[in-house]
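Have a look at the structure below, then the notes.
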Amino acid sequence: MTITQAGSLILHSDVPTHFSPQRNGGANSSNDAFSGHYSCLIADNEVMVMARFSRSLLLIASALGLGNACGQINYESQRQAMIEELRDESRLSEEYGAPPISERTLAALGKVPRHEFVPNEQQRYAYENRPLSIGARQTISQPYIVALMTDLAEVTKNDTVLEIGTGSGYQAAVLSELAGSVYTIEIIEMLGRRAANTLERLGYENVTARIGDGYAGWPDQAPFDAILVTAAPEEVPQPLIEQLAVGGRMVIPVGAENEVQILRVLTKEEDGLVIVRNVSAVRFVPLTRDEN
Ligand SMILES: C[S@@+](CC[C@H](N)C(=O)[O-])C[C@H]1O[C@@H](n2cnc3c(N)ncnc32)[C@H](O)[C@@H]1O
């Protein structure tokens, strides 16, 4: 997680950083203990661990909640440690003027297995509070940013939500825990297909995914009570403003690539007036356009 103070703003980077030091020890500061290759065989009620690590090291790790006696990573305990870290992050960010993250949103993140949404080689980092590469030069967003954007969208069980930028499908899964239905669009076919498979495999039945240019929104399913855009356009796309319901909230990073972007919340009033609130400085991958 990168936090630098930019004027009175906190800069949250959502593109992969080379290395992210963990505060408070972090959820995964001990992950390197599991960096070797190992396999686990179960035969005749006997667990045989073939590993580069000694059996006693694995048992110590197991006792600490880092893995089980089979050397597998205990994702559940890592996830809960990540939630604790996000709670701290929320308190810290609040001191710099960012809105606090609600317990309801943290509970939603606490239910979603982030490790299932990242490529195998990234799984051991899944509960670090930082973005990770998902291929095709794209990222799964930093958990703090997912939490912040989800919270700002104020999603409830009756809401229909649109997400632009499915990526791994993780943000859609978090929204699925809070919303009535979630529609999500991804422009890169390989990512969109993989995310749809993951969401289906994990049973997120209220999420509908499609491939396409999210700039145009999803007119057939509009209006939306909340719209989350997880890639940055230089300006808010007009079709998305039109597809926002009266009383609806749009959470969107706005700004040019490689410049400081601003996370904005747009709310639509009854008379059609749109109120814009600047929340935080952020850095996202750009919202690209389908040239066709
Ligand atoms: C930071 S990633 C999103 C992470 C994602 N929400 C998740 O939970 O993994 C941004 C995503 O937006 C996608 N994207 C960029 N421009 C787009 C567009 N015009 N329409 C739909 N998706 C787009 C990128 O391909 C990328 O997968």
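No lab work stands behind these numbers, since they all come straight from the coordinates. As the structure is a prediction and not an experimental result, all values here were calculated from the model. All Cβ positions, even for glycine, are placed from backbone atoms using ideal geometry, and neighbour counts span all protein chains on display.
Summing Lys, Arg as +1 and Asp, Glu as -1, what charge do residues with Cβ under 10 Å from the Cβ of residue 123 carry, residue 123 excluded?
Value of the local net charge: 0.
Please give me the summed charge of the neighbours of residue 279: other residues whose Cβ is under 11 Å from its Cβ, Lys and Arg +1, Asp and Glu -1.
Residues near residue 279 contribute +1 overall.
Run through the DSSP bridge list for segment 203-292 and note the antiparallel percent, rounded to the nearest 5. Walk me through the numbers on the way to the answer.
Numbers: 14 of 19 bridges.
Roughly 75 percent of the beta bridges in segment 203-292 run antiparallel, per DSSP.
Based on the alpha-carbon gyration tensor of segment 136-292 and its eigenvalue square roots a ≥ b ≥ c, which shape applies: rounded if a/c is under 1.5, prolate if not and a/b is larger than b/c, or oblate?
Cα axes put segment 136-292 in the rounded bin.
Provide the per-residue ³J(HN,Hα) series for segment 144-154, in order, calculated from phi with Karplus coefficients 6.51, -1.76, 1.60 and θ = phi - 60°, each as a whole number of Hz, with x at glycine and proline positions.
For segment 144-154, the Karplus-derived couplings read 4, 5, 4, 5, 4, 5, 4, 5, 5, 6, 6 Hz, x marking Gly and Pro.
Cβ under 10 Å from residue 229's Cβ, residue 229 left aside: what net charge do those residues give with Lys, Arg +1 and Asp, Glu -1?
Around residue 229, the charge tally is 0.
What are the residues whose amide H is under 5 Å from the amide H of residue 282, where those residues sit 5 or more places off or on another chain and H is modelled from the backbone?
Correct list: 12, 261, 262, 263.
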